[in-house]
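A short reminder: the numbers here are calculations on the coordinates, not readings from a lab. Being a predicted model, the structure only gives us computed values, none of them experimental. With ideal geometry, Cβ positions are generated from the backbone for all residues, glycine too; neighbour counts draw on all protein chains shown.
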Amino acid sequence: MNKYLKLAISILIPLAIGFLGSIATSGSVNTWYKTLNKPSFNPPSWVFGPVWTVLYILIGLSFYFVWTDNSGKQKKTAFIVYSFQLFFNLLWSFLFFGLRSPFAALIDIIALWIFIITNIIVFYKISNKAGLLLIPYLLWVTFATILNFSIYILNR
């Protein structure tokens, strides 16, 4: 498989995860979500789409650098961790918006946060660039965790 196809696949996978998550989100973002009490630092709704799109592209690039690394380093663990963090990323949308459960989503996002840190570590061991490209993702999910926690507390 040539490198351009691998790059396209690498970027399309997280973008597809984002698209699937948007299916759960779309049914509640303009209805239920608008009724929730939110903290003062809650960004406007239009911020989330562009931020997540950029993050999914960075996540895909990160994966591409690991996938195409020819150093002979073991990648199986990295691919497993990567898959788990994508799973928890997708699951969050269905828990928060689909089930309308900020508490279940909070549990999920904590697991996601742990998997992102683990993902950074295992990717960095294979490709420094790959690990570093995940830092903005970790920072955004850290912010999202605080936001999720605040929404849960404000709406108990």
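Mind counting the residues in the stretch 31-61 that are over 16 Å from residue 18 (Cα atoms), surrounded by 13 or more Cβ atoms within 10 Å (Cβ to Cβ) and of a type in the set (Ser, Thr, Tyr)? Even if it seems obvious, please write down each step before you answer.
The initial filter retains those residues of the stretch 31-61 that are over 16 Å from residue 18 (Cα atoms), namely 31-44.
Cutting the leftovers down to surrounded by 13 or more Cβ atoms within 10 Å (Cβ to Cβ) gives us 33, 36, 38, 42.
Now narrow it down to the ones that are of a type in the set (Ser, Thr, Tyr): 33.
Total satisfying the criteria: 1.
Which one of 94, 87 is surrounded by fewer than 21 Cβ atoms within 10 Å (Cβ to Cβ), out of contact with any Phe, Trp or Tyr (no Cβ under 8 Å at 6 or more places or on another chain), of a type outside the set (D, E, K, R) and closer than 20 Å to residue 57 by Cα?
On the way: 94 fails: closer than 20 Å to residue 57 by Cα.
Criteria check complete, one pass: 87.
Could you tell me which of the residues 75, 34 is basic (Lys, Arg) and either closer than 30 Å to residue 156 by Cβ or within 12 Å of the chain's Cα centre (by Cα) (or both)? Talk me through it step by step, then tell me what you get.
Values: 75 fails: either closer than 30 Å to residue 156 by Cβ or within 12 Å of the chain's Cα centre (by Cα) (or both).
Going through 75, 34 in turn, the sole match is 34.
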